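J.: I have a structure here, written as structure tokens, and I will follow up with some questions on it.
Read the figures in this text as sums done on the coordinates, not as results from a lab. All values derive from a computational prediction rather than experimental measurement. So basically every Cβ, Gly included, is an ideal-geometry build from the backbone, and we count neighbours across all protein chains shown.
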Amino acid sequence: MSALSDQLLVVAIFAYLLAMICHAVEAGFGTRRTAAATVPDRELAAVAAAGTGGGPTPGSGPAGAVDPAGPTIDKSTGTGSERTGWPAVGLAGWFAAGATVLGALFHLACLVTRGIAAERLPWGNMYEYVLAITFVGVAAWLVMVYRRPSLRLLGLFVALVMVALLGLAGLVFYTPITPLVPALESYWYAIHVSTIMASSGVLLLGSIPAAMFLLRHGYEQGRRGFPYLLAKRVPAAVSLERLTFGLHAFGFPVFTFAVIAGAIWAEHAWSRPWAWDPKETWAFISWVIYAGYLHARATPSVRRTTVTWIAILGFLTMLMNLFGVNYFFESLHSYA
């Protein structure tokens with residue numbers, strides 16, 4: 001089972017790589033149609049004003065502008081909602097979606113066979129943890145793109161992240177199956193690690209529309225450098241910003257519960273709930289930054305670009321907690 005798990009990881013990486021290539025072909029050569037292009041400018045301006053309380057939404061560009069890569073405007077609500085059906089695309093788009101689904105299935109099979117071989121939940125070391133959070137991220141992405149198909153082109157960057165992280169896990173973090181260290185032999189292992197893993201996966205996914213929002217916003221403001229042209233075909237900045245907020249609003253409470261569960265587990269295992277261990281400290285830093293992001297997002301005077309940079313900073317601290325602490329600090333939580 002252990003060897004099968006290793007082989008399934010390679011197959012999953014190649015499936016994600018195929019999805020990335022197909023998404024790149026679609027983004028570079030495909031065409032998209034939206035109903036918004038058929039709505040007169042005057043009508044679009046009225047819809048935009050009604051949906052934002054009388055003015056343009058921050059980061060969405062001038063009212064009444066037709067965004068050929070943006071979402072369909074729903075004239076009944078004025079919210080700029082996404083289309084519910086698959087847009088007309090070439091075979092590359094369908095192959096990309098299918099390859100991502102296949103990659104996720106092989107990814108899941110890799111985790112399951114690893115767990116069967118280890119006779120425990122498969123997130124007892126850094127290698128397994130990276131496999132688990134990336135699977136959560138891609139599963140959340142598939143659910144999201146099923147509900148909002150117009151976001152599909154973001155799959156290029158999701159697949160890129162999957163290939164990079166899974167390749168890094170297989171080449172650098174790989175660890176043969178071993179029994180759990182004594183500190184992890186508790187029912188809190190399932191509670192704390194699974195919730196921190198789930199929240200990390202969602203926040204990982206949330207960083208992708210956050211980065212694309214900044215690029216798309218710059219593109220809508222007239223910037224035409226290479227980074228901004230990457231966002232030419234993705235949805236409008238306002239849609240990306242709302243998606244970023246939704247993912248963080250979902251992931252933050254789960255992350256909060258995971259930190260609390262970790263403190264309770266530490267009380268049982270080490271007779272203290274908090275000792276400012278490096279991983280605990282960085283988890284606290286991440287929590288404060290994400291709380292600051294949600295607070296800034298609820299403050300009308302804070303620009304959406306500033307808010308999004310806070311979210312990206314929070315994700316960087318999560319990466320530091322995952323990779324940096326395990327390799328550069330002595331920590332009770334370092335199981336790499």
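J.: Need the C-alpha centroid separation for the range 226-297 versus the range 133-208, integer Å.
T.: Taking the Cα centre of each part, the range 226-297 and the range 133-208 sit 14 Å apart.
J.: Continuing with this model, one more query. Which log10 I(q)/I(0) values does the range 109-221 give at q = 0.19 Å⁻¹ under the Debye formula, counting every alpha carbon as one identical point scatterer?
T.: Taken in order of the listed q values, log10 I(q)/I(0) reads -1.02.
J.: Then there is this: Along the three principal axes, how long is the range 213-292 when you take its alpha carbons, biggest first, rounded to the nearest angstrom?
T.: The Cα atoms of the range 213-292 stretch 57, 22, 18 Å along the principal axes, largest first.
J.: Considering every Cα-Cα pair within the range 276-323, what fraction, in whole percent, is farther apart than 16 Å?
T.: On the way: 429 of 1128 pairs.
Above the 16 Å cut-off, the range 276-323 has 38 percent of its Cα pairs.
J.: So what does the Cα-only Debye profile of the range 156-266 read at q = 0.20 Å⁻¹, as log10 I(q)/I(0), no solvent term?
T.: Debye intensities relative to I(0), on a log10 scale: -1.07.
J.: What value in Å³ per residue do you get for the convex hull of the alpha-carbon atoms in the range 183-332?
T.: In the range 183-332, the Cα convex hull volume per residue is 114 Å³.
J.: At a Förster distance of 35 Å, what's the computed FRET efficiency of ILE260 paired with TYR146, Cβ-Cβ distance as r, to 0.05?
T.: 0.65
J.: Against the 2.2 N^0.38 Å scaling, with N counting residues, where does the range 156-213 land? I'd like the Cα-based Rg ratio to two decimal places.
T.: 1.45
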